[in-house]
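> The structure follows.
No lab work stands behind these numbers, since they all come straight from the coordinates. Because the structure is predicted, anything quoted here is derived from the model rather than measured. In this analysis, Cβ positions are derived from the backbone assuming ideal geometry, glycine residues included, and neighbour counts consider all displayed protein chains.
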Amino acid sequence: MRLYVCLLCLILPFATRAQTNDHQQDLLGRGHINVGVRIGQGYRGTYPTTTYVSPQLHYFITDGWSVALEARYLVSNVYPQTVDKPDYRLKGGGLSTRYYLLRGKRLAMFAHAGASYGQSTLRMKSDAPAGTGYTWQTEVGLGAHYRVGKRWSVEAMVGRSWSRNSNGGYYLTPPDDFNRWQASVGINYRLK
């Protein structure tokens, strides 16, 4: 047993060095500011229900951990021309955080959590008037970040989102179709 503990103590410094790769520190280091945009879709089962765009501004409070301001524009893929399908739209903004783990020379994995608040519009049928309310949307996800240059990176993320109306009225609560799995791709540029 002592032999294994000694081997672990000898190998551990090399493993931690791999976790703090200098090339990734160019993008994910403390004090850096990245600007980026994500484009994604929400799914229920195998069919897409929503499409969203989310511009972001990340600030790294420590190496590998960022907080971000983000905007969100979400629209349903089910068009109001179909009488029995709802049409949903959300415009808002919020905060998110990410922790980058398993950082290599070019590839890093991250865990993401965020919340946004905004104005939502729900039309249950094409001939019905649209209801407007205010909605919270929360999301968690896992993603991969790939460094393509000194300042540029691309990312892909999958996660789960939940929407809840803050007014408490049932008629403006988003249908379950819009509280589903999401997948997105994005691009980031380091400003500072």
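> Would you mind computing, in nm to one decimal, how far apart the modelled labels at Y134 and V67 are, each placed 7 Å from Cα along Cα→Cβ?
According to this spin-label approximation, the distance is 2.2 nm.
> Now, a different point. Calculate log10 I(q)/I(0) of region 98-151 for q = 0.17 Å⁻¹, where I(q) comes from the Debye formula with a single equal point scatterer on each Cα and nothing for solvent.
Per q value, in the given order, log10 I(q)/I(0) is -0.68.
> What is the extension gain from Y189 to Y117, computed as 0.36 nm multiplied by their sequence separation minus the C-alpha to C-alpha distance, in nm to one decimal?
Fully extending the segment from Y189 to Y117 adds 23.4 nm.
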